[in-house]
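Q: One structure, pasted below without further comment.
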Amino acid sequence: MKKNLFKGVAILPIALALAITTGCATNTEAQSTAVSATTGATTVVSTPAPEKKQVKKNLPTVAILATGGTIAGTGAEGKSTNYKPGQLNVEALAEAAKLSDVANVHGEQICNINSDDITSEIWLQIANRINKLAKDSSVSGFVITHGTDTLDETAYFLNLVLKTDKPVVVTGSMRPSTAISADGPLNLHQSVALASNPSAKGKGVMAVISDRIYGARDIRKINTFNVNAFNSGDYGCMGYVIDDNVLFYSQPVKKHTVNTEFNVSNLKTLPKVAVLYFNVDTDGSIIDYYAQKGYKGIVIAGAGSGEYSVSWKEAIARHPEMIVVRSTRVGSGYVSASDDYDIANVLRCDDLQPQKAAVLLRLALTKTSKKAEIQKIFDKY
C-alpha cells in the first residue's frame, strides 16, 4: 500500500478550519503547529478529525501551500489599503476561489505572514515539502499563495531547487479579501486550473496574476497598487488562463527544476548576500560594512549597465574574498562585459534583476566560491 504523504500534517480536505492566524511552523513534518498572534509562541493545534470530503475521481488533485500575504489579508470593508495581511487560512482561500469543479484540493498552511517577512528558512521548508509531496503520484500539481512583495524571489528560488516537473504555480493578490472586487479568488482559481493542466508540466515554476502566466525567472513587480502589477520585462508573459482554459504561447529556455545542480534537501539556511543600490555620492564604505558583517557576496544594483563609482571600485578591491555581482537598477536590459568593472572578484548577472541575482548567488555559493564557476552558473541560469 502506498504511503500517504499528507498524513500527520495540517492538511485540509477542504472542510477543516485551521487554528493558524500568523507565524510559521519550523518543522515540515509538524505543520499542525500554530504561532500565537499575541505571544509569538509556537503551540500544537488540536484539530478534530476532518469530515470526509468526497473525492471526484474525474478531477486531478492539487496541493495548495499557503504562506499568507495580501491574498489572505483583511481590512475595512470595501477598502484596498490599510489592511492586515495573513489573516485567512488556506481553507477560506480555497472556498472563496470556487475550486470544486476544477480539482480535488488539499491545503497546507506553511505560514501566514506578510511576504516581507519571508526568510530563506521558509523557502527551504516550502521546497522540501513540495519535493516530498511530488513523489505522490496522485498529486498533479502545486499552488503556493504568497504576498506579492517578494513573490518573484520565492518563485525564482523554487524554480532553481525543485526536483519535479509537475506544475508549480505561485500566486497572490493586490487587494485584500475584504476589498471591493478582490482579485485573490480569481488568481487562485486560475492558478489551480493551471497547476492541474497537463500542458503545464515541465515548464518550471510559474506565476498567475490577472489572467497571465509568467515564468519564475522573468516575473517582476512593476506597480504598487494596480491589480495588473506584474510583467516579464522585455519578454512578455508565457500565456493566459481564461476561466479554466490554459493557453501557452512561449516557454522558458533557461535551465530549471529537475535540470539544475542545486539540491537543498540537507540545507538549514543559505549564505548571506545583500543587494546594494548605487546612487550618486554613496560612500564605498557600505561595501566594507557588509564584508565585516560576514556576508559572502553582494549584488550591486548599479547605474546603466551595472556601473558604479571609483569609491565603490576601491572598496571592492579591499575585499577579494567576497563575491560581487554587477546588476542594474535600470529595470531592463543586459549587463555587458567591461574590463574596467570585471576586476578580481566581480561577476556579471546577465539580465537578472538585482533581487533575482541575489537568489542565484546564494545558491551558487552553496556549490562553490570560485569566481569562474559562479560566472558559469550565472551564464546558465
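Quick note: the coordinates plus some simple rules give every number you see, no bench work behind them. Since this is a predicted model, take the numbers as computed values, not measurements. Quick reminder, even Gly has a Cβ in these numbers, built from the backbone with ideal geometry, and neighbours come from all protein chains shown.
Q: List, in order, the whole-Hz ³J(HN,Hα) value for each residue of the range 84-96 obtained from phi through the Karplus relation with A = 6.51, B = -1.76, C = 1.60 and θ = phi - 60°; use x for Gly and Pro.
A: My calculation for the range 84-96 gives 10, x, x, 10, 9, 8, 5, 4, 5, 4, 5, 5, 5 Hz in order.
Q: Please give the peptides 86-92, 256-262, 235-241 ranked by average Cβ packing (other Cβ atoms within 10 Å per residue), highest first, as a rough proxy for protection.
A: Working: 86-92: 22.9, 256-262: 17.3, 235-241: 20.3.
The densest-packed peptide leads the list: 86-92, 235-241, 256-262.
Q: On to the next question. Just to verify a number: FRET efficiency for residue 332 and residue 77, C-beta to C-beta distance, R0 = 45 Å, to 0.05? Walk me through the numbers on the way to the answer.
A: Values: r = 39 Å, r/R0 = 0.87.
Working from the Cβ atoms, E equals 0.70.
Q: Report the Stokes-Einstein translational diffusion coefficient (µm² s⁻¹, integer) for the range 227-291, Rh taken as the Kirkwood radius over Cα pairs, at 37 °C with viscosity 0.692 mPa s.
A: Values: Rh = 17.3 Å.
Estimated via Stokes-Einstein, D reaches 190 µm²/s.
Q: Here's another thing I want to ask about it. Highest mean first, what order results for 145-152, 129-136, 76-83, 313-320 on Cβ atoms within 10 Å? Don't jump to the answer; show the numbers that get you there.
A: Values: 145-152: 25.0, 129-136: 18.0, 76-83: 12.2, 313-320: 16.0.
Final packing ranking: 145-152, 129-136, 313-320, 76-83.
Q: I would also like to ask the following. Using the structure shown, list the pairs from 272/367; 132/255; 221/296; 272/370; 254/380; 293/367 with a Cα-Cα distance above 18 Å, or answer none.
A: 132/255; 221/296; 293/367
Q: While we're looking at this one, here's another question. Using the Karplus curve 6.51 cos²θ - 1.76 cosθ + 1.60 with θ = phi - 60°, what ³J(HN,Hα) values do you get for each residue of the range 165-170, in whole Hz, with x for Gly and Pro?
A: Once θ is set to phi - 60°, the couplings for the range 165-170 become 9, 5, x, 10, 10, 9 Hz.
Q: 5 Å is the cut-off here: which amide hydrogens, built 1.01 Å from N in the peptide plane, fall below it relative to residue 147, excluding neighbours closer than 5 in sequence?
A: Hits under the 5 Å cutoff: 69, 70, 115.
Q: Using 0.36 nm per residue of separation minus the Cα-Cα distance, give me the extension gain between residue 311 and residue 293 in nm, one decimal. Each step should come with its number before you reach the end.
A: Working: separation 18, 0.36 × 18 = 6.48 nm, distance 1.96 nm.
The span from residue 311 to residue 293 would gain 4.5 nm if fully extended.
Q: If I model a spin label as a point 7 Å beyond the Cα along the Cα-Cβ vector, how far apart are those points for residue 247 and residue 261 in nm?
A: 4.0
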